[in-house]
Structure formats: structure tokens, C-alpha cells
Amino acid sequence: MAAVHDHDIAHAHDHHPTGMMRWLTTTNHKDIGSMYLWFSFVMFLTGGVMALTIRAELFMPGIQIVNPEFFNQLTTMHGLVMVFGAIMPAFVGFANWQIPMMIGAPDMAFARMNNWSFWLLIPAALLLIASFFVPGGAAAGGWTIYPPLSVQMGMGMDMAIFALHIMGAASIMGSINIITTILNMRAPGMTLMKMPLFVWTWLITAYLLVMAMPVLAGAITMLLTDRNFGTNFFNAAGGGDPVMFQHIFWFFGHPEVYIMILPAFGIVSEIIPTFARKPLFGYSSMVYATASIAILSCIVWAHHMFSAGMPVTGQLFFMYATMLIAIPTGVKVFNWTATMWRGSMTFETPMLFAIGFIFLFTIGGFSGVICAIVPIDIQVQDTYYVIAHFHYVLVSGALFSIFGGVYYWLPKWTGHMYDETLGKTHFWLSMFFFNLAFFVQHFLGLAGMPRRVPDYALQFADFNMISSIGAFGFGFSQLLFLYVVLKCIRGGEKAPAKPWEGAKTLEWTLPSPAPYHSFETPPVVR
Amino acid sequence: MSALQANSVIMKKLLIFTVVMFGFGFALVPFYEKICEVTGINNLLQADTLTENTQVDTSRWVTIQLDANTRGLPWQFKPLQSSVRAHPGELVEVMYEIRNDSNREINGQAIPSYSPQLLAKHLKKLECFCFSKQVLKPNEVRQMPVQFMIEPGLPADFDTVTISYTFFELGSDSAADTGERVNKS
């Protein structure tokens, strides 16, 4: 062999290929975790460019930059790319890096399948992006791909459906891997109720994924056959029912929003105790709260459809069931607050993002409860109020926890400390511009501005301008994040094995950077 | 080895679960139809029953516009009168006519649509050609009645409503042939 690496000598049995082949063929959970994280960051920037194009168009009333057809494609693809390309793979990246290290396992249970579930994402992402360039353009019916629009559109819709199929299959494979790893490969002595909360939330998320993803696959398969093979599941012209698609879609879609937030809860539950230097308050109640959120998430789907036509009994059921979710979520927020209570808190970047998460996610949670109330929902349905609500839970919720998690574990991943000043700057810029972009959208929504429109009435002009300025500020702040991460990878202060004195979980017993192979002999947990 | 076996046991269980959930997605289709049928939502193809004596509200008139469309089949389809005026609570009968312009036998199914949407709740249909499929031989013409009543509960601010029918062809690929209901093949 021409190139013999240091660790090849240390591990004589391990001679992996170099260069591109190393990444194509790798079965190492750390390599795959890194690839997931980079993939999701690239998709985050892609979806971000779409978002900024949308905000640029909405900067002023009138049509200035893009035509309405393309605008619709942008809103649709922004949603699909961010949900399936950015947020979900980022959490799978965290799972790959962290779960084996946190439970003391040498790798994921099915290492080769792990490689597959990552590399499937690439053709799916290419299909999604390429659909902009086919006749008729990309899917433009909203990320929820409701019929009848999705039955009528051009081949961009078929490409989006295939992309969703592939990403769904990848997610299911990833989830099977994660469940098996967690159930079978924990270090001796680590009982389920001793697992770090991040592992718990991912275990529950993975179960939600294997439950919900196949239902989406079924729904979009029906859509595909309606479009191409003359079936009439949703095609009203043939006796099908478009509203049925909404039911099946949201049967997947609502668990999906918890798939995107439960791992965030897990990350925050690791960060808060570390920087408050206290054990997590109410560990077991956190576990039960996570599980009850997951179970409740399966019976609330129709709150997305209050105005689609439903008996009052149904509306009341879905309204109360939805409001019930506020209880376990409230338990979590109280537990995090109680963990910080009288703790010896320090405010490094991960902690800032975690606290920012609690503040802003709670705002998003409250506007969620407001949206759950049927008479209010009928008013704010399809307005910017809903946009503001789900960006508070997905950007300042899921995304902030991802940033926090990256800063928290970067020293372990790279062996270097990140630049704390720049990290804090990134946080404060993100915090300021995020709220500038999205808080005013509550007002726009309450004033009646509909979503998914490229133009609007003049009275919405000022708030839209503020929102666009915020969006551009937020977008460009993320380039600072890229710089901080690259700088940390390339060098910086050497990180000790345990850079955070309050950290308790197993990965901090490993040296930094974590060796390519870790815990080949399982640690014993007492 | 036993660890590997334990892993593959879990994988098999989860794969089976995945396949079951994929099937569940499709099972939601008949489930949804059943729910709609049991709860009486979407029962476009069944006759309503008048349970109690309804008082005719002679204090106001409702204009009912009649609309007819075909989609994808070579039929002429029209109401014999473009609109009728009736009091809420009054039993009304209107006639529609279909004619098969082609030289083959065609099965058609009419699907109703109401404007405003609210009308669906207050319209009671006792008889309709849309309750079953219609078979027309080449060049056959048929006149068909619709018997209905608009309940006095219809809010007073609606003085004009529209009842619209669209005929769809029931072909070999749509598998709907019982006439009881339109199958989603």
C-alpha cells in the first residue's frame, strides 16, 4: 500500500481506501455522520438561497424579481429541501456521530446499510434540484403536494415524488439502524433508563420514522399512479377524493414535525445540564414526556385541515388532542428551566443556542396552541401567522438546537476548540435577525396576508420589508457559522478530552478528536 | 454471532413493520370511505330521507340554478330548465337530459357539486339520476328527474344557489360497475 496512515498501523485490520473511495465506501459511523452533516449544510444553503429569493421578491409589493410560477416552485422546493434535505439529515448526522459514542458501542449495527442510507440521499437531492430544469419546472403546489394541483403538474412533480420515495427509504433504513444500535449495542450496565436523553429522543424518533414514512410512501405512490396510470385515488374527475390525500399526508406529516423536533429536545437536554453543572431535572419525566408527545402526534393530524371540511365533533377532538400535547411539552420546558435553576451557569455558545431554543421554541409552541383553536385557526389558516409559527419551531427550534449541538460536540469531532467569540457573534446575529425576519410575520398573518403569494396588498409593505431585511441578515450570518466550523476543523486551541467540565456522558471519556474506532471494548457503566 | 443474530431479528421485525405501515397507508383509503359513509359525510350517491314534516317557508324564495357538465365522454347533457324558483321546504322536481352522441354504449356516472358549499347540508335529495350509473346506447336520449327539497334551515342570506352535475365515463379501467357508488380503483 502506498499510503499507510498512522491509524492503519494502530489498527492493522483496518485498511480503508483513500480519496473519494474512502467516502464512497466508508462504513464508519463518524465518516457517515460527517457526510450527513455536510450534506445537510449544503442543502441548508440551497434551501436558504430559495428562501432569500422569496424574501427578495416580497421585499416590496409588486412583481420584481421572479415570475409567480417560479415563485410557487421556490416556496414548494424551499419546504421540501429544508425538511427532507437539511433538518432531517442533520439529525441523522448527529445520531451517527453521537449514538455509538454515547452508548459505548463500536459502530452502528448495520454499517453497510448506514453507508447506503447516506448515499441514497445524493440522487434524491439531485432529482429535486434537477426538477427546476425540466419542462414545466419544479413541483409548485406547496411542500404538502396536495391534489388536485399535484395531480395536474408537469414531470417536476414526478421527480419530486421519486426524490421523496428515495429519501423516505433512506430515512427508514437509517431508523432501523438506529433502533437496532440502541436496543442491542449498549455498553454493559447501561440500562434504557440510564441512556443519555439524546439517545432516548432518537430512539423514539426512529420509531416515529418507521411508522410515518411508509404512510407517506403510500400516499405519494397513489399520487404517482393517479398521475401516470389512470387510477383515481385523489383525482376528483374520476370519483377520487382530494381531501383524503390531506388526511393520509398529515397522518405522516404531523409525526414528521415531531421527528424534526424530538432530537432537538435531546440535544438541548444534553447541553443544558452540562452548562448548568447540574443533572437534568426530571430525567424520567423527560423520557415519558417524549414518548407521550410521540404517541399524541399520531392522533392530531387533522388540525392541519380544520378548514378543509370536517364535522364539528371531529374539529373538537383534534383541537383538544392537539392542545393536550402542550402538557408534555410544558413538562420539558419546565424541566429545562428547573435544571438551570440555581445551577452554576456559564454561557458558552452551545448554552446560548440552547437557551435561545427554549425561549423561541416556547413562543412557537404557544402560537401552535393558538393555531389549534378551531375558530382562530379558521382565521389564520394559510396566512403568514402559520408561517411564523412553524418557523419558530423549525428554525429557532430544530435549527438552533443543531447549531448548539454542533458547537457542543465540535471539540470532540475535530479535536480543536472553536472560536468562542465568533460562535457567540453567530448566535447573537442569528437571534436578532431570526426574530426580525419572523416575529413580524405574526402581525402580517393576523392582518390577513396569505402565504404562498408573490405579491401583496400595500398595507403589508412595511412588515414585509422588515422581514426581508431580517431574512437576509439571518442568511448571511450562517456564512459566519461555516467560517467558524472550517476554522475549527483546520486548527485552533487543542481540545481536551472533556472540554466542558459539566459534561457527563460517555463520549467525553474518549480523547479529542474521537479516534476513528472507539469503544471496541465496551466501557462498563455503573 | 448471537449479537449479529439479535440485530437481524430486530431488523426483520422493523422491516415487517415498515411494510405493514406501507399497506396501512393504502388501507386508509377504504377506511376513509367507510367513515364517510357511516357518518354521512360525502354521501353524494345515496338518497336522503325526510324524517319529519317540514314546514314550507313561504316568506322567501330561493332561486336554484341548474348546471350540467360532461368530462371526457361524448354525451350531451343539459337541464331542461336553467333555473327554478322555490320556497324552502317545498318539494321540487327538475328534469335533465342526456344524449349519447357516439356510436358505442357508454356507462356514465354523474357527480354533484353545490354552490355555496353550505347548500350540501341543507339540500335533501329524494331522487336523482346520480344515485346510479347511467348506460346509454348509441344515440340514445334519456330524460331524468331530480327530486329535492331545500330545508328551511338554509340561511336567509342565500337567495340564489347552484346545483351542478358532471358526468364522468365509467370505463374498464375505473372498475366501477355496481352503480351503488363510484369505486376508486
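The values are calculated or read from the model by the stated rules, or taken from the named source; none is laboratory data. Remember, it's a predicted structure, so these values are computed and weren't measured experimentally. A quick note on method: Cβ atoms are made from the backbone with ideal geometry, for glycine too, and the neighbour counts reach across all protein chains shown. The accessibility values were calculated without ligands, DNA or RNA, using every heavy atom of the protein model including side chains. Shrake-Rupley method; radii C 1.70, N 1.55, O 1.52, S 1.80 Å.
Here is a yes/no grid of residues against (1) surrounded by fewer than 19 Cβ atoms within 10 Å (Cβ to Cβ); (2) closer than 30 Å to A:K498 by Cβ; (3) within 20 Å of the chain's Cα centre (by Cα); (4) at pLDDT 95 or above:
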position: A:S40; (1), (2), (3), (4): no, yes, yes, yes
position: A:E69; (1), (2), (3), (4): yes, no, no, no
position: A:L74; (1), (2), (3), (4): no, no, yes, yes
position: A:A90; (1), (2), (3), (4): no, yes, yes, yes
position: A:A95; (1), (2), (3), (4): no, yes, yes, yes
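For region A:111-172, give me every one of the helices (runs of 4 or more DSSP H) that falls completely inside it and has 2 or more residues that are within 17 Å of A:G85 (Cα to Cα). Working first, answer last.
Working: elements: A:111-119, A:121-130, A:149-152.
Hits in region A:111-172: A:111-119, A:121-130.
When the residues of region B:12-43 are filtered to those that are in contact with a helix residue (DSSP H, G or I) (Cβ under 7 Å, 6 or more places away or on another chain) and modelled with pLDDT under 85, which remaining residue is nearest to B:S132 (Cα to Cα)?
B:N43
Can you pull out every residue in region A:480-518 that is assigned to a helix (DSSP H, G or I) and either closer than 17 Å to A:E348 by Cβ or of a type in the set (D, E, K, R) (or both)? Full working, then the answer.
Keep residues of region A:480-518 that are assigned to a helix (DSSP H, G or I), which gives A:480-490, A:506-509.
Hits for region A:480-518 are A:L480, A:F481, A:V484, A:V485, A:K487, A:C488, A:R490, A:E507, A:W508.
Can you name every residue in region B:118-150 that is open to solvent by 30 Å² or more (accessible area, probe 1.4 Å), under 25 Å from B:Q55 (Cβ atoms) and modelled with pLDDT under 90?
As a first pass, look at region B:118-150 and keep what is open to solvent by 30 Å² or more (accessible area, probe 1.4 Å): B:118, B:120-121, B:124, B:126-127, B:131-133, B:135, B:137-143, B:145, B:147.
With under 25 Å from B:Q55 (Cβ atoms) added as a condition, the list becomes B:118, B:120-121, B:124, B:126-127, B:145, B:147.
Listed by number, the residues that qualify are B:L118, B:A120, B:K121, B:K124, B:L126, B:E127.
Only one of A:G266, A:G238 is open to solvent by 10 Å² or more (accessible area, probe 1.4 Å) and either farther than 30 Å from A:F94 by Cα or more than 10 Å from chain B (Cβ to nearest Cβ) (or both). Can you tell me which? First the steps, then the outcome.
On the way: A:G266 fails: open to solvent by 10 Å² or more (accessible area, probe 1.4 Å).
Testing whether each residue is open to solvent by 10 Å² or more (accessible area, probe 1.4 Å) and either farther than 30 Å from A:F94 by Cα or more than 10 Å from chain B (Cβ to nearest Cβ) (or both) leaves just A:G238.
Is there a residue being aromatic (F, W, Y), assigned to a helix (DSSP H, G or I) and open to solvent by less than 30 Å² (accessible area, probe 1.4 Å) anywhere in region A:346-356?
The first filter runs over region A:346-356 and keeps only residues aromatic (F, W, Y), leaving A:347, A:353.
In the following step, the residues that additionally are assigned to a helix (DSSP H, G or I) were identified as A:353.
Now restrict to residues that are open to solvent by less than 30 Å² (accessible area, probe 1.4 Å): A:353.
Within region A:346-356, one or more residues are aromatic (F, W, Y), assigned to a helix (DSSP H, G or I) and open to solvent by less than 30 Å² (accessible area, probe 1.4 Å).
Taking region B:105-125 on its own, how many of its residues are under 16 Å from B:T166 (Cα atoms) and of a type in the set (D, E, K, R)?
The number of residues fulfilling the criteria is 0.
Those residues that are outside any helix (DSSP H, G or I) and at the interface with chain B (Cβ under 7 Å from one of its Cβ atoms), I need them from region A:206-235; list them, please.
Let us first name the residues in region A:206-235 that are outside any helix (DSSP H, G or I), namely A:229-235.
Selection gives A:G230, A:T231, A:N232, A:F233.
Name every residue in region A:278-311 that is farther than 18 Å from A:F198 by Cβ, surrounded by fewer than 15 Cβ atoms within 10 Å (Cβ to Cβ) and in contact (Cβ under 8 Å) with a residue 40 or more places away in the chain, in order of residue number.
Matches in region A:278-311: A:S307, A:A308, A:G309.
Just give me the residues in region A:241-263 being open to solvent by 20 Å² or more (accessible area, probe 1.4 Å), within 12 Å of chain B (Cβ to nearest Cβ) and of a type in the set (V, I, T), in sequence order.
The one that is open to solvent by 20 Å² or more (accessible area, probe 1.4 Å), within 12 Å of chain B (Cβ to nearest Cβ) and of a type in the set (V, I, T): A:V243.
Report yes if some residue within region B:50-72 is of a type in the set (A, V, I, L, M, F, W, C), away from chain A (no Cβ under 14 Å) and touching a Phe, Trp or Tyr at 6+ places or on another chain (Cβ under 6 Å); otherwise report no. Talk me through it step by step, then tell me what you get.
Filtering region B:50-72 down to residues of a type in the set (A, V, I, L, M, F, W, C) leaves B:50, B:56, B:61-62, B:64, B:66, B:68.
Going one step further and asking which of them are away from chain A (no Cβ under 14 Å), we end up with B:50, B:56, B:61-62, B:64, B:66, B:68.
Then keep just the ones that are touching a Phe, Trp or Tyr at 6+ places or on another chain (Cβ under 6 Å); that gives B:68.
Among the residues of region B:50-72, at least one is of a type in the set (A, V, I, L, M, F, W, C), away from chain A (no Cβ under 14 Å) and touching a Phe, Trp or Tyr at 6+ places or on another chain (Cβ under 6 Å), which makes the answer yes.
Give the residues of region B:80-119 that are under 19 Å from B:D57 (Cα atoms) and among the hydrophobic types (A, V, I, L, M, F, W, C), sorted by residue number. Give the steps one after another, and end with the answer.
Step one: of region B:80-119, the residues under 19 Å from B:D57 (Cα atoms) are B:84-93, B:118-119.
Matches in region B:80-119: B:V84, B:A86, B:L91, B:V92, B:L118, B:L119.
Inside region A:379-406, can you point out the residues that are in contact with a Pro (Cβ under 7 Å, 6 or more places away or on another chain) and either surrounded by 22 or more Cβ atoms within 10 Å (Cβ to Cβ) or part of a helix (DSSP H, G or I) (or both)? Let's see the steps before the verdict.
Going residue by residue through region A:379-406, those that are in contact with a Pro (Cβ under 7 Å, 6 or more places away or on another chain) are A:382-383, A:404.
Across region A:379-406, the qualifying residue is only A:G404.
I'm trying to understand the selection: among the residues of region B:67-94, which are part of a strand (DSSP E or B), of a type outside the set (K, R) and either over 25 Å from A:A236 (Cα atoms) or over 21 Å from the mean Cα position of the chain (by Cα) (or both)? Full working, then the answer.
From region B:67-94, those part of a strand (DSSP E or B) are B:67-71, B:75-79, B:83-86, B:91-94; that's our starting set.
Narrowing the set further to residues that are of a type outside the set (K, R) leaves B:67-70, B:75-77, B:79, B:83-84, B:86, B:91-94.
Within region B:67-94, B:S83, B:V84, B:A86, B:L91, B:V92, B:E93, B:V94 qualify.
Quick one: which residue in A:F460, A:F472 is open to solvent by 60 Å² or more (accessible area, probe 1.4 Å) and assigned to a helix (DSSP H, G or I)? Steps first, please.
On the way: A:F460 fails: open to solvent by 60 Å² or more (accessible area, probe 1.4 Å).
After applying the criteria, what remains is A:F472.
Return yes when A:G343 is over 17 Å from A:G405 (Cβ atoms), of a type outside the set (S, T, Y) and in a loop (DSSP other than H, G, I, E, B) and no when it is not.
Numbers: over 17 Å from A:G405 (Cβ atoms): yes; of a type outside the set (S, T, Y): yes; in a loop (DSSP other than H, G, I, E, B): yes.
It is true that A:G343 is over 17 Å from A:G405 (Cβ atoms), of a type outside the set (S, T, Y) and in a loop (DSSP other than H, G, I, E, B).
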